[in-house]
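So the structure is just underneath, and the comments pick up after that.
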Amino acid sequence: MTATKPKPAAGKKPGELVEMAWDPITRIIGNLGVYTKIDFANRVVAECHTTSSLFRGYSVFMKGKDPRDAGFITSRICGICGDNHTTCSVYAQNMAYGVKTPPLAEWIINLGEAAEYMFDHTLFQDNLVFVDFCEAMVKQTNPSVLARAESTAAPGRDIHGYRTIADIMRAYNPFEGEVYKEALKVSRTTREMFCLMEGRHVHPSTVYPGGVGTMPQPTLFTDYLSRLISILDFVKKTVAMNDDIFDFWYEALPGYEEVGRRRVLLGCWGSFQDPDVVDYRYETMTNWGRAMHVTPGIVVDGKLLTTDLVDINLGMRILLGSSYYKDWAGQEEPFVEYDPLGNPVDIRHPWNQTTLPDPGKRDFNDKYSWVMSPRWFDKSSGQHLALDTGGGCFARLYTTALAKMVDTPYVKSTGRSVQISLPKSRTLPETTLEWKIPKWSNALERDRSRAYFIAYAAAMALYFLERAMERVRGGDMRVFAEFDVPDEAIGCGFHEAVRGILSHHIVIRDRKIANYHPYPPTPWNGSPRDSYGTPGPYEDAIQNTPIFEENGPDNFKGVDIMRAVRSFDPCLPCGVHMYVGGGRTLKKIHSPMFGASHG
């Protein structure tokens with residue numbers, strides 16, 4: 001039942017294993033620990049386990065609540081992408097209540113979510129990910145690479161203005177680099193764009209089931225547009241800088257494509273509804289899912305298995321394996337036996353899940369994490385696939401490119417790529433960017449895709465603005481539809497959080513929430529080994545990853561491992577400690593929020 005492939009290892013030397021761990025790698029929504037055994041003789045990670053030491057319990061205390069409060073409550077799951085949870089919850093509630101949102105409200109939500117993608121991806125990529133690639137860090141971990149970068153001309157210098165690769169690296173130095181500081185300004189601008197549409201960041205105040213409370217005045221859209229145009233130069237430049245850095249990395253360090261590499265097992269649940277098609281009925285979900293402006297889909301080994309949200313929904317399985325929970329299967333009656341189309345619903349589907357916490361001591365041979373193991377059951381192979389999101393942007397671009405369904409004046413999917421057209425901006429001409437499906441699903445390509453998806457979100461925002469302003473000029477100002485909460489209902493919402501697949505499943509009985517399960521990207525990416533022994537994506541990507549850092553065990557920073565982890569956009573890191581053997585702290589080795597020292 002395994003859903004990963006072993007990586008080949010040839011010409012190995014006798015092992016020299018050292019236990020090393022980075023715990024916590026923290027973010028607002030929990031604690032991530034990475035525990036490894038590193039073979040320094042062969043410069044490879046021999047074994048990896050990832051853990052979460054925090055239990056949140058939203059699925060427990062949601063029971064009995066008024067379902068109309070679900071969006072406001074679940075936005076607090078995360079202090080970074082809370083709006084994605086609100087939006088996904090609203091989608092699920094719309095289905096349960098049988099309500100269709102007015103078209104203008106859909107465009108407004110799309111504009112808010114596009115701004116959120118631009119905001120979060122920019123902040124994460126330029127102020128957190130690139131700390132691992134900046135001059136100050138590379139000077140400490142790979143001085144020979146930095147020396148080569150000093151004499152390597154940057155191919156995109158006519159676009160971004162930096163003469164050498166090392167100049168780009170310096171531009172990303174924390175607090176000092178030009179790009180690092182400009183990214184903070186862009187993040188502020190995109191956050192303002194978000195607030196224009198959804199009221200408040202990061203917990204929206206104007207997004208509800210049935211529509212929005214945003215007043216659709218013409219100045220709402222022109223204020224958004226003026227800010228969007230002001231950042232397009234930056235968007236175009238950063239794509240060129242990302243390409244220059246990552247292409248250089250492959251050239252300077254042959255074999256780096258194996259860092260963070262895993263089998264292509266990607267999931268995308270789709271984003272940006274098409275108001276002309278979506279009605280939130282489960283019976284028509286196949287059609288309106290495929291009409292999304294980011295195409296939902298599951299990709300295995302480069303092939304698109306499905307773009308059908310009904311198939312995606314029915315294939316979801318929540319496995320326990322190495323997580324701290326008791327099994328509900330065989331102990332609890334199912335909430336939902338059949339979907340509205342008459343298809344049977346598995347007992348391990350989120351509609352039927354019961355959360356039964358069972359805390360215990362961490363044991364890597366048994367249970368070691370509070371994260372469950374979501375999997376997607378592939379009927380054709382009989383496998384429970386450990387899908388990953390590629391940090392969100394990688395899976396979104398990959399599925400959209402293959403599906404060849406998105407076709408707008410600004411974004412087109414070709415079957416092998418995504419073409420993104422941006423208009424003339426302050427200093428740069430009209431530009432068409434093309435993200436092409438790469439050879440590998442690895443750390444560098446996940447990171448590269450983030451810059452392209454910022455451009456994708458910016459381009460789609462231009463399209464959404466045009467369509468919204470057409471509505472306003474035509475006199476259709478409706479942004480809310482009335483509804484009643486039924487006595488009994490089920491609903492499911494599918495969306496893309498910034499870092500990947502997000503679903504909410506709701507069961508209503510007696511006009512109250514009887515069962516509610518949100519599944520954001522973190523459980524998919526950060527899951528432990530499941531009931532079949534299949535490692536989660538973080539574990540799979542890190543295990544067998546080669547080590548290119550030039551430091552030995554005594555002053556090892558683990559930068560290649562951190563690049564692999566952060567390529568998934570696991571969460572905002574605020575502190576990393578190293579432990580050896582029994583857990584004795586050696587030293588604080590890397591504080592990526594502040595970056596490497598400039599000694």
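Summary of computed values
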| quantity | calculated |
| --- | --- |
| Estimated FRET transfer efficiency when R0 is 60 angstrom, pair D279-E550 (beta carbons, to 0.05) | 0.55 |
| Inter-site label distance for S205 and I229 at 7 Å from Cα along Cβ, in nm | 2.9 |
| Cβ-placed point charges (K, R +1; D, E -1), dipole of the chain about Cα centre in debye, nearest 20 | 780 |
| Shape category assigned to the stretch 378-501 from the gyration tensor of Cα positions, a/c cut at 1.5 | oblate |
| Values of log10 I(q)/I(0), in the order q = 0.10, 0.12, 0.13, 0.14 Å⁻¹, for the stretch 216-314 under a Debye, Cα-only, solvent-free model | -0.54, -0.74, -0.82, -0.89 |
| Sites E16 and T152 - FRET efficiency at Förster radius 41 Å, r taken between beta-carbons, to 0.05 | 0.80 |
| Computed FRET value (nearest 0.05) for D363 with Y58, which takes r as the C-beta separation and R₀ as 45 Å | 0.95 |
| Which of I168, I77 is most accessible, then next, and so on - probe 1.4 Å | I77, I168 |
| Exposure rank, largest accessible area first [Y410, Y325; 1.4 Å] | Y410, Y325 |
| The chain - percent of accessible surface contributed by carbon and sulfur, probe 1.4 Å | 50 |
| Surface accessible to a 1.4 Å probe, per residue, for the residues of the stretch 136-253, Å² | 39 |
| Positive-end extreme of charge dipole, the stretch 313-436 - chosen from G391, P357, S413 (charges on Cβ) | S413 |
| Translational D in µm²/s for the stretch 119-231 (Stokes-Einstein at 25 °C, 0.890 mPa s, Kirkwood Rh from C-alpha pairs) | 151 |
| Alpha-carbon gyration tensor eigenvalues x 5, square-rooted, for the chain, Å | 36, 31, 20 |
| The chain: calculated mean residue ellipticity at 222 nm from DSSP helix runs of at least 4, using -39500 (n - 2.57) | -10500 deg cm²/dmol |
| Hz values of 3J(HN,Hα) by residue in the stretch 88-104 - Karplus curve (6.51, -1.76, 1.60), Gly and Pro given as x | 5, 4, 4, 4, 5, 5, 4, 5, 5, 8, x, 10, 10, 6, x, x, 4 |
| Vicinal HN-Hα couplings computed from phi for the stretch 33-40 (Karplus, 6.51 cos²θ - 1.76 cosθ + 1.60; Hz; Gly/Pro x) | x, 10, 10, 10, 10, 10, 9, 6 |
| Full-extension gain in nm, K185 to Y250, via 0.36 nm per residue minus C-alpha separation | 20.4 nm |
| Gain on full stretching of the segment that runs from K303 to R473 - 0.36 nm per residue minus C-alpha separation | 56.9 nm |
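The values are calculated or read from the model by the stated rules, or taken from the named source; none is laboratory data. None of the values given here were measured: they were computed from a predicted structure. Here Cβ is always computed from backbone atoms with ideal geometry, including for glycine, and neighbour counts include all displayed protein chains. Heads up: the accessible areas ignore ligands, DNA and RNA and are worked out on the full protein's heavy atoms, side chains in. Shrake-Rupley method; radii C 1.70, N 1.55, O 1.52, S 1.80 Å.
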